[in-house]
Amino acid sequence: MNTLRTALVALFSTAWYSSRIVLSAVLRSPRFAEVSQELPRRWARAILRAARVQVRVEGLEHFPPDRSAILVANHESWFDVLALVVHVPAAYRFVGKVEITRVPLFGHAWVSAGHIAVDRSDRARAVASLERAGQVLHQERVAVVMFPEGTRSPDGSLLPFKKGAFVLAAQTGVPLVPAGISGSRGIMPKGSLRVRPGTIHLRFGAPIPTEGRGVEERDALLTEARAAVTELRRRLPGKN
């Protein structure tokens with residue numbers, strides 16, 4: 001029953017909110033910036049409520065109040081995305097796989113809202129996507145959200161990090177904000193369609209400064225961020 005209820009709410013709310021975002025973009029609404037941030041938060045809250053999932057959040061004070069940041073988090077479930085959409089305390093842009101853009105209606109809304117697709121099968125396009133993310137970080141006060149594992153962990157262990165987020169951080173000089181997530185894999189693990197009630201624990205960590213650190217330090221930034229995410233997860237209840 002929980003899975004069916006969640007699926008129905010996800011289907012109808014995705015269609016409803018995606019349509020509103022696309023229409024607002026087509027009509028060039030003067031409120032589009034607000035709409036593209038608030039409607040996804042409503043969408044995520046609706047699905048979390050339907051699934052009977054609560055999110056416990058710590059460390060909101062670590063978000064830089066007056067500048068852009070790159071948020072890097074571990075990834076165990078699609079519900080990680082919902083938790084972050086609701087609780088990132090800033091304007092946000094997600095960086096995700098290009099396959100997201102091919103989802104009917106949702107993909108159109110996702111692109112219209114300014115999120116950034118990365119085609120990992122094409123290096124030139126992937127580099128162009130990171131350059132686009134860099135422009136967003138410079139032009140807007142925004143949190144660019146990235147999952148450096150590149151995919152959901154199938155067993156809850158922290159996978160190796162890819163370098164894209166850390167190249168971007170070194171190029172832009174904006175701080176990295178690490179985040180640890182636990183509990184989401186028990187709700188909907190990779191490869192499963194079943195949704196179980198539960199609690200997601202989300203903790204934001206202290207920013208990692210990157211200003212003045214060149215691209216040659218991307219590996220060091222990766223190591224620091226991965227250690228921070230590991231420690232944040234270790235301190236959370238419900239660790240998978």
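The values are calculated or read from the model by the stated rules, or taken from the named source; none is laboratory data. Note that the structure is a prediction, hence the values are computed from the model and not measured. Glycine gets a Cβ as well: all are built from the backbone with ideal geometry, and neighbour counts include every protein chain shown. Only protein heavy atoms, including side chains, enter the accessible area calculation; ligands, DNA and RNA are left aside. Shrake-Rupley method; radii C 1.70, N 1.55, O 1.52, S 1.80 Å.
The residue list R203, R218, R196 contains one member that is of a type in the set (K, R) and out of contact with any Gly (no Cβ under 7 Å at 6 or more places or on another chain), which is R218.
Hey, can you tell me all the residues within the stretch 186-199 that are assigned to a loop (DSSP other than H, G, I, E, B), in contact (Cβ under 8 Å) with a residue 12 or more places away in the chain and either open to solvent by less than 20 Å² (accessible area, probe 1.4 Å) or small (G, A, S) (or both)? Those that are assigned to a loop (DSSP other than H, G, I, E, B), in contact (Cβ under 8 Å) with a residue 12 or more places away in the chain and either open to solvent by less than 20 Å² (accessible area, probe 1.4 Å) or small (G, A, S) (or both): G191, V195. Looking across the stretch 31-60, the residues that are open to solvent by 90 Å² or more (accessible area, probe 1.4 Å), without any contact (Cβ under 8 Å) to a residue 60 or more places away in the chain and more than 16 Å from the chain's Cα centre (by Cα) come down to R31, E34, R49.
When the residues of the stretch 202-219 are filtered to those that are open to solvent by less than 30 Å² (accessible area, probe 1.4 Å) and not hydroxyl-bearing (S, T, Y), the one that is modelled with the lowest pLDDT is G214. Scanning the stretch 149-185 for residues that are open to solvent by 40 Å² or more (accessible area, probe 1.4 Å) and small (G, A, S) yields a single hit, S157. Here the stretch 116-148 is the region considered, the condition is being over 15 Å from S68 (Cβ atoms) and open to solvent by less than 40 Å² (accessible area, probe 1.4 Å), and the residue that is nearest to the chain's Cα centre (by Cα) is F147. On inspection, L82 does not qualify as under 25 Å from E38 (Cα atoms), in contact (Cβ under 8 Å) with a residue 60 or more places away in the chain and either open to solvent by 40 Å² or more (accessible area, probe 1.4 Å) or in contact with a Leu (Cβ under 9 Å, 6 or more places away or on another chain) (or both). Cβ separations smaller than 7 Å between residues 6+ apart or across chains give the following pairs from the stretch 124-137 residues that are closer than 15 Å to G173 by Cβ to residues that are open to solvent by 90 Å² or more (accessible area, probe 1.4 Å): G134/Q171. Could you please find all residues in the stretch 1-30 being β-branched (V, I, T) and touching a residue at least 40 places away in the same chain (Cβ under 8 Å)? Within the stretch 1-30, T3, T6, V9, T14, I21, V22 meet the criteria. Is one or more of the residues making up the stretch 127-140 at pLDDT 95 or above and acidic (D, E)? Checked the stretch 127-140: no residue is at pLDDT 95 or above and acidic (D, E).
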